[in-house]
Structure formats: structure tokens, C-alpha cells
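Read through the structure below, which is laid out as C-alpha cells, and then see the notes.
The values are calculated or read from the model by the stated rules, or taken from the named source; none is laboratory data. Being a predicted model, the structure only gives us computed values, none of them experimental. Ideal geometry is used to build each Cβ from the backbone, glycine not excepted, and the neighbour counts take in all protein chains shown. What goes into the accessible areas is simple: the full protein's heavy atoms, side chains included, and nothing from ligands, DNA or RNA. Shrake-Rupley method; radii C 1.70, N 1.55, O 1.52, S 1.80 Å.
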Amino acid sequence: MAAVAIAPVSAQGEVPASAGEMWRSLEKLRVLGSVLYVAAHPDDENTALLAYLARGRHLRTAYLSLTRGDGGQNLIGPEQAPLLGVIRTHELLAARAIDGAEQFFTRAVDFGYSKSAEETFSVWGREEVLADVVRVLRTFKPDVVITRFPPRGDAGHGHHTASAILAAEAFAAAGDPARFPEQVKELGTWRPRRLFWNTWRPATDEQAPQVPRLLTLDVGVFDPVRGESFAELAARARSMHKSQGFGAAPRRGTLPNYLEQLGGEPASRDLLEGVDTSWGRVPGGRAVDAALVEAQKLFDLRNPAKVVPALLAARRAMAALPANHWVEVKRRELEQLLVAASGLWLEAVAEQRGVAPGDTLSVTATAVHRGTAPVVLRWVAVGVGEPVVRDQLLPANRPVATQVAVVVAATTPVSAPEWLRRPPTLGLYQVEPAAAIQGAPRPPLVARFLLAFESEEVEVVVPVVHRTVDPVRGERVRPVAVLPPVTAATENGVVIFPSGAPRPLQVRVTAMRAARGVLRVQLPPGWRSEPEALPFSLAGAGQEAVLQVTVTPPLAPSRGVARLEVEVDGQRSFWRSFEVDYDHLPPTTVLLPAQVTLVHEPVRIAGRRVGYVMGAGDEVPAVLRQLGYQVTLLEDADLESAGLEGFDAIVIGARAYNTRPRLAAAQPRLLAYVEGGGTLVVQYNTSRGLVTDALGPFPLTLGRDRVTVEDVPVTLLVPDHPVLTKPNPISRADFDGWVQERGLYFPASWDPRYDAPLAMQDPGEKALTGGLLVARYGQGTFIYTALAFFRQLPAGVPGALRLFANLLAGGRP
Ligand SMILES: [Zn+2]
């Protein structure tokens, strides 16, 4: 017997809730066509087109985002890199829950901005990512593939162009059994009918028909059943990309979209022209369609349960058909509709939000029958536990609860994101491709309900969840996670030893349940810790202890990664846990490997008192404190009224002039602070949306140039410049080991009173000299830097630490 999953939390597929949605689901059961949309990042997707196809045309629709967007910047919180990828994954799933499409990924890492598809492929590995795109095609089996970007070089970002090139290659390769033959046994081959590019809007709608092979779709159609147009719905979906600040306004009225055909059979009217999207495409499928037509006739808005007998007849007709991709897809949809039309609410709620492998979890599995068709609850099972037999006719609208104590097998893996269990290479996550492409994480624990409708039994699977009620936000529901009994974490991801002297390292251990054990810090070669093992005893869930070891670096400068090993009951684990909790996403505990980067690098500092004006959010202040600075975070009011003279330097965080409107009013005081002898260091801002034009004491205009290759050579144009000599002598070697990129939004033009002591360029491009600009102004120093210190400092890049210390010294002797 197959099972249907209904999933209120982060899983694909949906259970229609209202009678209107049930009617649309019933219509969709009769449509057997599918479209795959392909681009590179979370937010690239055209949610209006997805909504139109999925909700308006009832096509099975999916978005393949090659990456999880982990290389971007987070506008809503401190999470970066892998954690940001987790947030963006959930934002995509939240968007899909609204626009009705499904979600896929590949193993590709979003390694940051890339200027060309060639560079992108050299980092990712072209064959590997192509294999994943082919795998998605062979799994999802789309009739039509649509790219967001053109395969030519005008897509803006190398990842974008690469996504279109790979989509075209996969379009050709997926049907060829000689390509990626290791996939064929399980998935078969698949030949989509057509390939399109969802091209930009022509200058005028009148021009559209003149572009050859251009199809027009009006995605602004209004749906009275839903009470909104697909473009309006799409704005709600797009607004889920909150970590990128992509809240969108709904558009009303006609909204033409254009498809330029790139491959496959020519189409002159519609993207699915000539594709049979009825049950006629399945041998013997007419009987299913006849039952569904009957269900449509019986559908009653006031009592959807009237369609249950016809749905059961359609299900029987499906069961009589030979195994088929579409029968499997539609059976799952039908069973979701069957549960909804019956008026069933099924849930499994645990008392705790997490459980350790080997432990017991108490779960309440509840069925509420709010419809009129008779339903018998045969049994309930949770996890790998034995079913609890009920054999009970569900009463009308009275909850039937079953208590289950489930033992989670000791061998159950903890709930870490599949793609983050092992360290990635620069370009690829190290994860099984079959797991890598999946959009929604599988719920760690599920409950199964066996229900009997008339003579037919249907198994329904729901995730086991934990619920809390926040007095302001209301109910918060999260999937129960399988967590290690104890996790370990350091305050900072990097610990710096600027003088080479031993330092205490504090490790916080947190219990998921009562536990006694031992912590060991596994150090890189040459490093020592005292003591080597620290026992701990934690009395219950949520208990914490802070353990301290003294770490001594090797004599020579060194950088390495230490792992935090926790041993409980003879089991060793290396996990750190993070809480990710935003209103638009299900709250989630994310496990990442527990580790800390140790850096022994001699960094001299001059002047200790630093004021820091946070911009979009970065982790620079914590690093400065480790170097020995006393850092004060400055709020708007401090800048507008408090005395600034006490600071040896003031640092403006990344994108502060994009995100803090009141900085415009504070700018004269900041420049007066420089004139009076202070040092002001401004980190990068984007060129659009600046709150002031006067970023510095002299004219300075930002551009959009970047140096994206993090290891290109840097030329010291003025090697004896104070910021390159004091207090730390800087050489070309200080630009080794940088991460992700050199810098971004380099100034395009500046007053000659600025010194520009550095030059760098991406391969094949002209040299950029605006990455570091230094001007004496009055008695002080103003510095603008487009270099990506907000990435280098939290990564503990030695040369970047030394250079930043020089900037804070402002050329002081
Ligand atoms: Zn993008």
C-alpha cells in the first residue's frame, strides 16, 4: 500500500483547505502536463509565471534553483554562508507553498558573484552540475523546460548564464541513455518536448509579435475562486525572499510574459501545443478521467464530502493501471484531496522539539473528522514503532487522540541538512546527488494514520511536530528534530591569537536532555590544549555549561580548524546547533559541524577605542574585540548627539549608507570628527540607494565594479603609504588566502586628494585602483574601502586582519 503525505511543515505538496481550493485541486487532477523552470539562485524565479502555470493552468510546475543562495548577504539577521543557504532554502519552499510550484536544487555552491559562465563552471565542475540538472529532468519529467536567463552572455551574473547553458545541455542529454548512464536504471531517460527562454519584456508590447518564435502568456489573469490574480499571488510568493529584501507589490491587470523558443518542436500558439495533457496520455487513463468528471459533477461547495465516492472510484481506476509516472503523481494528489474533502485534520504533536537517538519521545496523534463521509481510523503508528490499533469510526468533529511513546533508534542520523553534513569543496556540496536535488527536507519523524473510506484503505503520513504559542506571533509549529544529546559551540567562529600567547577558549555545551560526558577540543597539528578533556554533567534539557581550555598556538604563525568533540554514553558527536526563527518560515534547529578556526597571526594595533556603526549586519566587531580593541556599537542617536572625540577610530559597517537613513543627518558630525583628528573607516556600500551623496570629505562616486576572483594578485602602488606600513608592514603575501572575493562596488571616480595605494583586477580586465582610498582631512584620516573585509575578518584571514588594523590606525605613527 502506498502512503500519502500531508505536511503542514516544510514539505512539498499541499492539502487544499477551502472548498474553492478543493475545486481547483479537482480540476488539476485532470491535467497531466508539467513545466520545469531553471535559474541559478533563490529570487531568480518568475513567481508570476510559476503561479500562472501551477495555479492557473493546473500544470505540475517546479523551479530548479541550481544553488541555495548561500553566497549572498542576509538582510534580516546574522546568518551567513551555510546558515543563509538554509534560510534561503526555506524561503523558496515558503514561496512555492504560495505559487503552487515544487522546488529542486543541485549540488552547486553559491560561491559569490561570478563574471562569466566559464569561471562559474571552473569552480562548480560543469559535468557534476549538469548531471544534477539531468537528474532533475529525469525525475520530474517535464514536458517543457523554461530558463530565466539566456544562454548568451547578457545575463549579468556568471551563475545565470551557466544555468541557461546547463538547462540547454540537459534538455539534449536527459533523453540520451549514454549520458549519465548511472542514473538511467533508476530514473529512465526523459525527452522534454520544448525549451524556452522566459525573455525580457520587449520595449513595447506591440514589438512582441515581431520577435520570431515568441509566445505570449498573460499571467495577470484573475482567479475569482481564489479572489486574486496570479500576479497578485506571485507578489506574496516573491515577498517570501525576505533575507534578500525582495518584498514585492502586487500588480493588477494584464501582465504579458514572453517565451522565446530555444529548442524542441516548434510551437506557434502555446508552450504545450501538441502535448496531450489529459488522461489520454496514460494508456487506459480514460476510466480515471470519467470518474473525475463525475466528481466534478457531484462537487458541492457547501459539502465537498459528496465527491468522496467518485474520488474513491477514480483511485480504484488508477490502481488498475500499470505503473506510470503520471499515475503515481496524480494518486498522491488525489489522496490529498480525499483527506481534505473528507474534512479530516490529522496531526502528530510531540511534547519536546527534539529527541536524541536512542531516546523515547511522547507523541499525541490526533484525528478530527469535520466532514460527513464515514471514515474509520484503523491504526496509528509513529516512527518505527508498532501500530496502535483503533478500528474506530471517527465521530463528527470530536478529536480522537492516540498517545504513542516512540523509541527513536540509536542509529537514527541527527537532523542536519543533508548538504551540510560534510564540508563542501569550493564549488560543490558533498552529498549524494539524489538527496542534493530534493527541495523540501524530509521530516525526521513521521506519524502514519491508516484510514478506511468505504472499503478502501489509505495511509496518510504527517510529520511529527512540536508546537508553541507565542503571545505576539501566535502558534509556531516546527518539525521535531533528531538532535544529539549535547551540542557544543564557541562564541566566535574564529579565535585569533594576535601575540602568540596562550588564550582561554570557552566552549558552551548545551543539553537536549540530562547527560554526563566529556568535551575534547581536537586541535590542528602543532596546537596544544590544557586540559585535553573536560568532563561535564547537565541536569536536563536546555541546561548549559561553559567549559574552558587554554589553547597554546605553535611558535610560527598558523591557521587551522579545531573540532569540538562531545562524548556521551560512549557516543562521539561533533555538532553545533543554531535556532533559525523568522515569522515567514517554520522555526528550525539547524545542526552544523562544531568547529572553530584558530589563527595565530601577529597583528599589532594602535589605538584601542573603536566605535562601530552596524550596517546590513556583519561580524566584524567581534573580530576587532579579539584583536584587543574596545568596540562600542554606535546607534543613530549616539552619532547625532554623543561626543565622538573619545574614539581612536570609527568604523562604518558594510552597507550602512544603504540601510541607515539617519546616517545622512549624522554625516557632517562624522566628517567633523575626522577633521578634529579622528579616523573614519567606511566599508563597502552598493551604488544604488545611498542615503547621502557625500560619503567622504571630498567627492567620491561609487561604481559597480567588482574583483570577484579572491586570489588575483594585488599590486602595492604606494608600498610606503602609512596604511601599508604602520603598525603592520603589508606585503603581497598579506593578500593570500582571502575568501570569496577581493571587493565589490569599487568607487568609479574620486577627488585627487584621495590616495589609492592598491590596484587589482580580475583576469582579463583593467586594473581597479578604488578598492582602498585614503585621504587626510583636517587633523584626521578618512578611508573608504570596497575590499570585502566583512568576509575576510570573520574568516580570520591573516593579511586582512593586519591590513584592517592599519586602517584603524589611520596612518598614525
Ligand atoms: Zn540570481
**OP:** Would you check if residue 333 is in a helix (DSSP H, G or I) and open to solvent by 30 Å² or more (accessible area, probe 1.4 Å)?
**Re:** yes
Subject >> Of all residues making up region 240-295, the number that are farther than 25 Å from residue 152 by Cα, hydroxyl-bearing (Ser, Thr, Tyr) and touching a residue at least 60 places away in the same chain (Cβ under 8 Å) >> reply: 3
Original post:
Is it true that some residue in region 203-225 is within 16 Å of the ligand (Cβ to nearest atom) and either at pLDDT below 95 or surrounded by 13 or more Cβ atoms within 10 Å (Cβ to Cβ) (or both)?
Top reply: no
**OP:** Go over the candidates 161, 139, 89 one by one and state the one that is more than 16 Å from the ligand (Cβ to nearest atom) and over 22 Å from residue 788 (Cβ atoms).
**Re:** 139
**OP:** Have a look at 631, 599, 620, 610 and point out the one that is over 23 Å from residue 671 (Cβ atoms) and either open to solvent by less than 30 Å² (accessible area, probe 1.4 Å) or of a type in the set (A, V, I, L, M, F, W, C) (or both).
**Re:** 599
Subject >> In region 743-758, the residues that are out of contact with any Gly (no Cβ under 7 Å at 6 or more places or on another chain) and either assigned to a loop (DSSP other than H, G, I, E, B) or open to solvent by less than 10 Å² (accessible area, probe 1.4 Å) (or both) >> reply: 744, 751, 752, 753, 754, 757
Subject >> Residues (under 21 Å from residue 257 (Cβ atoms) and within 16 Å of the ligand (Cβ to nearest atom)) located in region 164-175 >> reply: 164, 167
Original post:
Is it true that residue 96 is open to solvent by less than 20 Å² (accessible area, probe 1.4 Å), out of contact with any helix residue (DSSP H, G or I) (no Cβ under 6 Å at 6 or more places or on another chain), away from the ligand (no atom under 16 Å from the Cβ) and not aliphatic (A, V, I, L, M)?
Top reply: yes
Original post:
Which of the residues belonging to region 101-116 are at pLDDT below 95 and open to solvent by less than 20 Å² (accessible area, probe 1.4 Å)?
Top reply: 112, 114
Original post:
Among the residues of region 517-531, is there at least one that is open to solvent by 30 Å² or more (accessible area, probe 1.4 Å) and of a type in the set (Ser, Thr, Tyr)?
Top reply: no
**OP:** Considering only residues that are within 16 Å of the ligand (Cβ to nearest atom) and in a strand (DSSP E or B), look in region 26-71 and name the one that is nearest to the chain's Cα centre (by Cα).
**Re:** 65
Original post:
Given the conditions (1) open to solvent by less than 50 Å² (accessible area, probe 1.4 Å); (2) in contact (Cβ under 8 Å) with a residue 60 or more places away in the chain; (3) not aromatic (Phe, Trp, Tyr), and given that residue 554 satisfies all but one, which numbered condition is not satisfied?
Top reply: (2)
**OP:** Please go through region 132-164 and pick out each residue that is open to solvent by 10 Å² or more (accessible area, probe 1.4 Å) and part of a helix (DSSP H, G or I).
**Re:** 135, 139, 160, 161
Subject >> Candidates 587, 593, filtered to the one that is open to solvent by less than 30 Å² (accessible area, probe 1.4 Å) and of a type outside the set (A, V, I, L, M, F, W, C) >> reply: 587
Subject >> Test result for residue 679, open to solvent by less than 30 Å² (accessible area, probe 1.4 Å), over 28 Å from residue 112 (Cα atoms) and hydroxyl-bearing (Ser, Thr, Tyr) >> reply: yes
**OP:** Evaluate the following for residue 311: is it modelled with pLDDT of 95 or more, of a type in the set (A, V, I, L, M, F, W, C) and under 23 Å from residue 170 (Cβ atoms)?
**Re:** no
**OP:** Inspect region 52-71 for any residue being closer than 23 Å to residue 477 by Cα and modelled with pLDDT of 85 or more and give the result as yes or no.
**Re:** no
**OP:** Name the one entry in 603, 631 that is among the aliphatic types (A, V, I, L, M) and in a strand (DSSP E or B).
**Re:** 631
Subject >> Qualifying residues in region 608-619 (those that are outside any strand (DSSP E or B) and in contact with a helix residue (DSSP H, G or I) (Cβ under 6 Å, 6 or more places away or on another chain)) - the one farthest from residue 80 (Cα to Cα) >> reply: 615
Original post:
If you go through region 119-127 one residue at a time, do you hit one that is within 19 Å of residue 68 (Cα to Cα), buried (at least 23 other Cβ atoms within 10 Å of the Cβ), touching a residue at least 24 places away in the same chain (Cβ under 8 Å) and out of contact with any helix residue (DSSP H, G or I) (no Cβ under 6 Å at 6 or more places or on another chain)?
Top reply: yes
Original post:
Got at least one residue in region 633-652 being under 17 Å from residue 747 (Cβ atoms), within 37 Å of the chain's Cα centre (by Cα) and modelled with pLDDT of 95 or more?
Top reply: yes
Subject >> residue 394 touching a helix residue (DSSP H, G or I) at 6+ places or on another chain (Cβ under 6 Å) and either at pLDDT below 95 or within 26 Å of residue 449 (Cβ to Cβ) (or both) >> reply: no
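Here is a yes/no grid of residues against (1) of a type in the set (A, V, I, L, M, F, W, C); (2) farther than 23 Å from residue 778 by Cβ; (3) modelled with pLDDT of 95 or more:
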{"site": "669", "(1), (2), (3)": "no, no, yes"}
{"site": "680", "(1), (2), (3)": "yes, no, yes"}
{"site": "739", "(1), (2), (3)": "yes, yes, no"}
{"site": "746", "(1), (2), (3)": "yes, yes, yes"}
{"site": "750", "(1), (2), (3)": "yes, no, yes"}
{"site": "754", "(1), (2), (3)": "no, no, yes"}
{"site": "761", "(1), (2), (3)": "no, yes, yes"}
Original post:
Which one is farthest from the chain's Cα centre (by Cα), of the residues in region 500-511 that are aliphatic (A, V, I, L, M) and open to solvent by less than 30 Å² (accessible area, probe 1.4 Å)?
Top reply: 505
**OP:** Kindly provide the set of residues from region 380-411 that are in contact with a Lys or Arg (Cβ under 9 Å, 6 or more places away or on another chain) and either open to solvent by less than 50 Å² (accessible area, probe 1.4 Å) or closer than 16 Å to residue 342 by Cβ (or both), ordered by number.
**Re:** 380, 381, 382, 392, 396, 397, 400, 402
